[in-house]
Amino acid sequence: MGTPRNLAARLLRAVLRLAPEESRDWAQAMLRELDFIDGDWAALFWALGSAAAILRHAASVWRALLNRKSNKEAG
């Protein structure tokens, strides 16, 4: 496994650890799919896009949780 592919796998594992529960299945699936990407550089670019998508989804989950919490405190 080349360096770009190792970096891709490490990136997706880090995102998996950071992701909220609602995003973890998706992150695990993307990590498993990494094995089927041909080429180390293609795998890295695919992982970067995957990580961005997972983090955008996670951000929406975190935002919803914060909104609920602030609404409870205000009400």
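List of remarks:
- Evaluation of LEU48 against (1) assigned to a helix (DSSP H, G or I); (2) modelled with pLDDT of 90 or more; (3) loosely packed, with under 10 Cβ neighbours inside 10 Å (one fails), failing number: (3)
- Considered as a group, the residues in the stretch 1-20 that are surrounded by fewer than 12 Cβ atoms within 10 Å (Cβ to Cβ) and in a helix (DSSP H, G or I) include one that is modelled with the lowest pLDDT, and that residue is ARG17.
- Consider the stretch 16-67 and keep the residues that are in contact with an Asp or Glu (Cβ under 9 Å, 6 or more places away or on another chain) and not hydrophobic (A, V, I, L, M, F, W, C). The one that is farthest from ARG5 (Cα to Cα) is HIS57.
- Across the stretch 29-41, the number of residues qualifying as out of contact with any Pro (no Cβ under 9 Å at 6 or more places or on another chain), part of a helix (DSSP H, G or I) and not aromatic (Phe, Trp, Tyr) comes to 7.
- Long-range neighbours under 9 Å by Cβ, at least six apart or interchain, first residue more than 16 Å from LEU16 (Cα to Cα) within the stretch 30-47, second of a type in the set (S, T, N, Q) and open to solvent by less than 90 Å² (accessible area, probe 1.4 Å): ASP40/ASN6
- Some residue of the stretch 61-68 being crowded, with 17+ Cβ neighbours inside 10 Å and of a type in the set (A, V, I, L, M, F, W, C): no
The values are calculated or read from the model by the stated rules, or taken from the named source; none is laboratory data. Computed from a predicted model, the values in this text were never measured in an experiment. Glycine also receives a Cβ, built like all others from the backbone with ideal geometry; neighbour counts cover every protein chain displayed. Surface accessibility is based on the protein's heavy atoms, side chains included, excluding ligands, DNA and RNA. Shrake-Rupley method; radii C 1.70, N 1.55, O 1.52, S 1.80 Å.
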